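J.: One structure, as structure tokens, below. Some questions next.
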Amino acid sequence: MPSWLHQLIDALVTGVAQGAMIALVALGYSMVYGVLKLINFAHSEVFMLSAYLGLFAIMALGGEAHPFLAGVGGTLLAMFAAAIIGMTVERIGYRPLRKKGKGPLARVTPLVTALGVSVFLQNLAQLLFTAAPKPYPQLIPAGSSVALGSFHLAKSRLIIFVAAIVVMLLLNWIVKKTWFGKAMRALSSNEEAARLMGINTSRVISTTFALGSGLAALGAVLFCLDQSQATPTMGTKIGTYAFVAAVLGGIGNITGALLGGLLIGVLGEMLKLTSYSGGVEVIVFLVLIAVLLWRPAGLLGSTRAEKV
Amino acid sequence: MSLSRRLFISATVVTALAIASGTGCKSKSDEIVVGAYLSLSGPDSTFGTDTREGVELALEEVNAAGGIKGKKVKVLYEDDKSTTQEATNKVQQLIDRDGAVAILGEVASSRSMAGGLVCNKKKVPMVTPSSTAVEVTKGRDYVFRVCFTDAQQGDVAARFVHDTLKKTKVAVLYVAQDTYSSGLAETFKASFTKLGGQIVVDKGYPKGETNFTTFLNDIKAQNPESIFVPVYYNDMVQIARQAKGAGIEGSAFVGGDGWDSSNLIEGAGDLLEGAYFTNHYAPDVPWQNSQTFVASFKKKTGHDPSSLSAQGYDAAKLLFDAMGRASEVTPQKIQEALAATKDFAGATGTLTIDKDHNANKPIVVVQVKNKKFAYSTQLLSQ
């Protein structure tokens with residue numbers, strides 16, 4: 001096999017894993033938008049906080065001494081804690097506004113609050129954890145890989161991809177088949193009517209935030225285990241990409257978030273092979289604009305009412 | 001509360017504050033006021049706090065020795081919150097409100113450029129401890145530095161890789177949108193090709209990138225003998241970890257002073273065993289002044305000084321030295337004394353201020369050895 005083809009496939013694999021991770025975060029934006037028509041800018045900071053929580057949980061469970069227990073246990077603990085943070089943010093930041101505001105500004109006020117919560121959480125993290133990056137323990141040893149023919153697929157990439165797919169299938173099942181999913185979709189199409197039909201809308205919204213935040217936490221821990229260290233500003237970049245992925249795929253649409261994430265991930269990695277590697281962001285955003293001009297609702301977005 | 005009453009109270013408070021700041025901060029006749037603007041909070045807060053520790057030690061020493069011309073020196077610190085806008089504001093405040101005769105700061109070149117612009121306009125001398133971008137002092141009569149420039153550093157790194165390590169095929173990986181990183185990469189590439197070396201891979205990456213696998217696979221495919229990565233330490237931790245995955249030896253990496261942090265050792269010390277980087281200083285550098293500085297710093301703070309602390313110390317020391325040499329303690333005379341600095345013995349080497357107000361001094365090469373930074377060699381900038 002020629003080396004350029006080898007490199008191309010390598011980049012593709014990396015891009016798919018990167019994209020799957022972006023998709024995990026994108027789902028949170030998408031689901032909240034689906035039920036509330038709110039862009040939850042604080043989501044990227046929940047992602048950042050869960051990276052720290054995951055780090056502390058992993059260290060408490062033994063870190064590199066017990067990689068499997070610490071990895072799985074730490075991830076679950078971080079997801080649980082993130083779910084609580086997400087619900088708290090909704091409870092304190094958005095619910096009171098939703099109860100009060102029915103006027104013409106009902107959409108704008110929560111948006112501003114979301115920005116405020118985001119700035120607050122980022123600065124809080126800087127105070128609590130300092131600005132210095134905290135390196136993650138290497139639970140998946142660097143360089144360990146699974147041979148696939150002549151390819152060596154990094155284990156961490158494989159884990160990310162499998163975890164993302166499993167979680168997304170699970171989510172799809174929740175939204176399509178369970179009572180909660182039905183309630184969520186009902187809420188999305190008409191909040192007033194859903195309430196009249198006996199759905200506890202506050203509880204459904206709370207659960208949506210918990211679910212989205214839990215997914216972001218999974219993304220955060222996988223992200224850090226694969227390539228990173230936790231920093232108070234890490235949410236901004238991945239949050240922007242995830243938000244773009246959600247919009248690109250059609251905000252409110254779960255499959256769309258996955259598609260958008262994969263597209264951005266793969267596109268980014270492919271560009272790194274060219275001499276335009278420094279301008280990845282420029283090109284990613286150009287693609288976003290082009291797609292939106294062509295399909296204003298995103299790739300899989302519909303202009304119909306139901307969006308979850 | 002009625003409006004008039006509210007107005008009255010706020011007017012009183014404002015007046016009180018004005019009086020307090022007027023009497024509290026204006027330089028008293030028995031004190032010399034020096035202003036320092038640093039990033040004491042925000043993403044670069046360690047830059048500011050490390051530098052302040054060095055300045056504090058220099059201040060303690062000068063006042064213990066009786067001050068300057070019989071007067072005690074006072075340093076007023078202002079926090080620019082790691083932003084350029086605040087840097088401009090704080091420097092203006094320090095000069096106009098507090099009457100500082102000289103200014104110390106900043107670490108990041110972008111903020112030193114902003115603060116330097118104000119100092120130059122108001123004709124108050126400024127000494128930056130650690131801003132390496134060439135533009136910081138260019139065409140600014142009142143701005144000085146005690147560190148080397150990116151141009152000097154990139155050139156020394158190229159000569160070190162080519163002449164000392166004897167490598168001729170090199171890959172370069174840097175942050176495309178960062179002045180420091182891309183500037184260093186540019187001068188390295190220019191000097192290295194001039195020496196007869198070959199750049200086989202030349203990759204810039206966007207700021208904030210965390211996934212380097214594709215770049216590293218690309219570099220690995222070209223099989224370079226050495227990889228020059230002039231980036232900050234947090235990026236380097238990630239690059240080192242992912243390089244192992246791509247099958248690249250950590251010892252192949254060469255970096256710049258952006259690597260200098262205990263976080264690099266903590267996050268990737270074992271992976272980078274044998275790697276080199278150019279720096280201002282190393283804790284075990286065999287210079288008398290450095291060793292004295294390290295000892296007194298440790299006694300005062302209880303930990304090893306970072307290079308930023310050493311440079312903060314040198315910047316303050318040089319400024320105090322120039323104040324002592326100046327015929328009178330006015331901004332104009334201090335500026336003249338600073339410009340005339342020759343063979344000043346600092347903790348980061350003996351330096352002479354050249355006509356562009358840059359410091360000519362030896363550049364240290366540090367090696368990562370047994371999860372520690374160890375002095376390797378020194379090269380003179382040309």
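J.: Taking amide H atoms as placed 1.01 Å from N in the peptide plane, list the residues 5 or more away in sequence, or in a different chain, whose amide H sits under 5 Å from that of residue A:299.
T.: Amide H neighbours of residue A:299: A:249, A:250.
J.: Quick query: amide H of residue B:73 versus all other amide H atoms, modeled in the peptide plane; which residues come in under 5 Å with a sequence gap of 5 or more or a different chain?
T.: B:32, B:68
J.: Between residue B:346 and residues 5 or more places away or on another chain, which pairs have amide H atoms under 5 Å apart, with H built 1.01 Å from N, and which residues are they?
T.: HN-HN under 5 Å from residue B:346: B:351.
J.: Further question on the same structure: In the structure displayed, which of B:74/B:298; B:167/B:203; A:37/A:182; A:134/B:361; B:90/B:138 lie more than 25 Å apart, Cα to Cα?
T.: A:134/B:361
J.: Where does the charge balance sit around residue B:325 when Lys and Arg score +1, Asp and Glu -1, over other residues with C-beta under 14 Å from its C-beta?
T.: 0
J.: Which of B:342, B:372 comes first, and how do the rest follow, when ranked by fewest Cβ neighbours within 10 Å?
T.: Least to most surrounded, the residues fall as B:342, B:372.
J.: Can you give the calculated 222 nm mean residue ellipticity of the protein assembly as shown, where each DSSP H run of n ≥ 4 adds -39,500 (n - 2.57) and the sum is split over every residue, rounded to the nearest 500 deg cm²/dmol?
T.: Here the helix-only value at 222 nm equals -18500 deg cm²/dmol.
J.: Relative to the first principal axis of the alpha-carbon coordinates of chain A, what is the inclination of helix A:280-294, with its axis defined by its Cα atoms, in degrees from 0 to 90 and to the nearest 10?
T.: For A:280-294 against chain A, the angle is about 40 degrees.
J.: For the residue pair residue A:146 and residue B:270, what label-to-label distance in nm results when each label sits 7 Å from Cα along the Cα-to-beta-carbon direction?
T.: Going from the residue A:146 label point to the residue B:270 one covers 2.5 nm.
J.: Separate question: Tell me the relative contact order for the stretch A:6-141 as a rounded percent, counting alpha carbon contacts under 8 Å between residues six or more apart. Please list the in-between numbers first.
T.: Values: 99 pairs, mean separation 38.6, N = 136.
The normalised contact order for the stretch A:6-141 reaches 28 percent.
J.: Using the count of nearby Cβ atoms within 10 Å as a rough guide to exposure, how do B:111, A:195, B:140 rank from fewest to most?
T.: A:195, B:140, B:111
J.: On to the next question. Be a star and scan the stretch B:341-382 for residues whose amide nitrogen sits under 18 Å from the point 7 Å along the Cα-to-Cβ vector of residue B:325.
T.: Under cut-off, by backbone N: B:341-362.
J.: Continuing with this model, one more query. Taking R0 as 35 Å, what's the FRET efficiency between residue B:186 and residue A:69 from their Cβ-Cβ distance, rounded to 0.05?
T.: Rounded to the nearest 0.05, the efficiency is 0.15.
J.: Using Cα atoms only, what is the angle between the long axis of helix B:233-246 and the major principal axis of chain B, expressed in degrees (0 to 90) to the nearest 10?
T.: Around 10 degrees separate the two axes.
J.: Here's a follow-up. Through the Karplus equation 6.51 cos²θ - 1.76 cosθ + 1.60, θ set to phi - 60°, convert the phi angles of the stretch B:194-202 into ³J(HN,Hα) values in whole Hz; use x for Gly and Pro.
T.: Running phi through 6.51 cos²θ - 1.76 cosθ + 1.60 with θ = phi - 60° gives 5, 6, x, x, 10, 9, 8, 10, 9 Hz.
J.: In whole Hz and in residue order, list the ³J(HN,Hα) couplings for the stretch B:159-173 that follow from phi through the Karplus curve 6.51 cos²θ - 1.76 cosθ + 1.60, θ = phi - 60°; x for Gly and Pro.
T.: Residue by residue, the stretch B:159-173 yields 5, 5, 5, 6, 8, 8, 7, 6, 9, 10, 10, 10, 9, 10, 10 Hz.
J.: Compute the angle between helix B:3-25 and the longest alpha-carbon principal axis of chain B, please, reported from 0 to 90 degrees and rounded to the nearest 10.
T.: 70 degrees
J.: Separate question: Using Cα pairs under 8 angstrom and six or more residues apart, how large is the relative contact order of the stretch A:147-281, in percent?
T.: Taking the mean separation of contacting Cα pairs over the length of the stretch A:147-281, I get 13 percent.
J.: Right, another one. What's the exposure ranking of B:56, B:328, B:273, going from fewest to most Cβ atoms within 10 Å?
T.: Result, fewest neighbours first: B:328, B:273, B:56.
J.: Something else now. I need to check one value: relative contact order of chain B, counting alpha carbon pairs closer than 8 Å and at least 6 residues apart, in percent.
T.: Working: 783 pairs, mean separation 62.8, N = 382.
Once normalised by length, the contact order is 16 percent.
J.: Residues of the stretch B:293-321 with amide nitrogen under 14 Å from the 7 Å Cα-to-Cβ point of residue B:372?
T.: Answer for this model: B:304-305.
Laboratory data are not the source of any read-out in this text; all were calculated from the coordinates shown. Quick caveat: nothing in here was measured; it's all calculated off a predicted structure. In this analysis, Cβ positions are derived from the backbone assuming ideal geometry, glycine residues included, and neighbour counts consider all displayed protein chains.
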